[in-house]
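Since the structure comes first, as structure tokens, the remarks are kept for the end.
The values are calculated or read from the model by the stated rules, or taken from the named source; none is laboratory data. Keep in mind that what you see is a predicted model, and the values were worked out from it rather than measured. Note that each Cβ is placed from the backbone with ideal geometry, even for glycine, and that neighbours are counted across all protein chains shown. The accessibility values were calculated without ligands, DNA or RNA, using every heavy atom of the protein model including side chains. Shrake-Rupley method; radii C 1.70, N 1.55, O 1.52, S 1.80 Å.
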Amino acid sequence: MLPRLVKRQIPSRLMVFFSPVLAIGLSMLAGIVLFVIMGVSPLAALRAFFFDPISTTYGIAELGVKATPLILIGVALSLGFKAGVWNIGAEGQLTIGGLCGGAVALYFYDQQGVYIIPLMLSAGILGGMFWASIVAFLRVKFNANEILTSLMLSYIAVLYLNLMVHGPLKDPEGFNFPESRMLSDSALLPIILDGTRLHIGILIAFVVVLTGWFILSRTLLGYQIKVAGSAPAASEHAGFRRSKIIWITLLISGGIAGLAGTIEVAGPIGQLLPGISPGYGFTAIIVAYVGRLHPVGAMLAGFLLALTYLGGETAQITLNLPVAVTGVFQGLLLFFLLACDVLIRYRIQFGRPALATERV
């Protein structure tokens, strides 16, 4: 008899935590099949993806560099998603934040001072908040779907960045290449591990994780966010205004995404380019869900997804695999995660129907 899904009386707490682990395992199995089809040794490919990138101190440091924006945005999106506010445009907010922070650095290009980096980070946060405020305004005022508006604004942000690096912010000595000057030393984030690119941005990410955990678990705002997402009607009845939650969560997520953009510009990139992100804002959606919409989970998931970026680059160099394999792995992980999440509310039953619904 074919297996079938049977609804549980109560959601399975075990599957809430086991679902991401199962999804990771299924993604690796699907990856093995993919590598076999491509004519590549699965063992060699898995080693290139998950072990070689972190086999050295420099590789571990690079993992921290890649994980920093993913952790920041993953935590930010987790707060909004938990409240039922679907901000899909963190990529655009990251871009605008990086542009604002980079513009401040270029304005103070001929100056030296410890005040430059705080000004850059503040400008990045404000830029991301402004871009997210457009989404919040359209949602509250006109009930516009925040998924569509935030996503479309991401493309506008990238085009605006292109306009700036082709025009006002272009390097006057850059032989007409669409890029800004290299940032001055005072505008670059300090390195915390000599011989690597690991900067203080990773410490900022850890602070954001702790702050996000504190907000969700120890404040009234965190309680409002959780109630607004799990029981909207009860939230309204309790006097928690939906419009307030929308504004707060979008401004927080936009500000943190903008902070991540400035950290990228002032960290590993060191200048403004037409593209300052390989898609961190979109990948962070997977980070948030793999992390179970919890700040600490988002931190762990951020390191995992950062490893896929490093693994894709390593596999491209050592095995001549296309860089698109990174996106395939990330897509498989999200697909299997959504599929495995079904088992939180349903269980698989073989044979004849049971007389009573199992309690798990």
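Things worth noting here:
- Ala234-Tyr58 FRET efficiency (beta carbon distance; Förster radius 51 Å; 0.05 resolution): 0.50
- Neighbour cut-off at most 13 other Cβ (10 Å), DSSP loop, chymotrypsin sites (Phe, Trp or Tyr not before Pro), the range 267-360: Phe350
- Within the accessible area of the chain (1.4 Å probe), percent carbon and sulfur: 69
- Inter-site label distance for Leu163 and Arg13 at 7 Å from Cα along Cβ, in nm: 5.3
- The simple Förster model, with R0 at 56 Å and r as the Cβ-Cβ distance, assigns Ala339 and Gln111 a FRET efficiency of 0.55.
- Across the alpha-carbon atoms of the range 148-272, the computed radius of gyration and Dmax are 19.7, 62 angstrom.
- A crude spin-label estimate for the pair Ile32 and Ser243, with each label 7 Å from Cα along the Cβ direction, gives 5.6 nm.
- Eigen-decomposition of the gyration tensor built on the alpha-carbon atoms of the range 169-219 gives equivalent ellipsoid semi-axes of 35, 16, 8 angstrom, largest listed first.
- Computed magnitude of the charge dipole of the range 203-360 (debye, nearest 20; Cβ of K, R +1, Cβ of D, E -1): 680
- Shape summary of the range 10-154, radius of gyration then Dmax from alpha carbon positions: 20.8, 63 Å.
- Coupling constants for the range 232-247 follow from the phi torsions by the Karplus curve (6.51 cos²θ - 1.76 cosθ + 1.60, θ = phi - 60°), and in residue order they are x, 5, 5, 4, 5, 5, 7, x, 7, 5, 4, 4, 5, 5, 4, 4 Hz; glycine and proline get x.
- Distant-in-sequence amide contacts of Ile88, defined by a placed amide H-H separation under 5 Å and a gap of 5 or more residues or a different chain, comprise Ser150, Leu151.
- ³J(HN,Hα), Karplus 6.51/-1.76/1.60, whole Hz, each residue of the range 275-290, x for Gly, Pro: x, 9, 9, x, x, 4, x, 7, 4, 5, 5, 5, 4, 4, 6, 4
- At a probe radius of 1.4 angstrom, the accessible area of the range 1-156 per residue rounds to 48 square angstrom.
- Amide proton proximity set for Tyr346, modelled H, under 5 Å, gap of 5+: Arg8
- Per-residue [θ]222 nm for the chain (sum of -39500 (n - 2.57) over DSSP H runs n ≥ 4, rounded to 500): -23000 deg cm²/dmol
- Using alpha-carbon coordinates, inclination of helix 220-230 to the longest axis of the chain, degrees: 50
- Spatial separation of Cα centroids for the range 42-80 and the range 181-251, in angstrom: 20
- In the range 136-191, taking the dipole from charged Cβ atoms about the Cα centre, the farthest positive-side position among Leu153, Phe137, Leu163 is held by Phe137.
- Percent of Cα pairs in the range 114-205 per distance bin of 10 Å, from zero to the largest separation: 13, 28, 34, 20, 4, 0.
- In Å, descending, principal axis extents of the Cα set of the chain: 77, 58, 32
- Rounded tilt (10° steps) of 13-37 against the dominant C-alpha axis of the chain: 70
- Annotation note: chymotrypsin sites (Phe, Trp or Tyr not before Pro) in the range 102-148 located in DSSP loop regions with a Cβ neighbour count of at most 16 within 10 Å are Tyr109, Tyr115.
- Shown for the chain: lysine pairs separated by 8 or more places, or found on different chains, whose C-alpha atoms are under 28 Å apart, numbering 10.
- Per residue, the solvent-accessible area of the range 184-262 (1.4 Å probe, heavy atoms of protein chains only, all protein chains present) comes to 48 Å².
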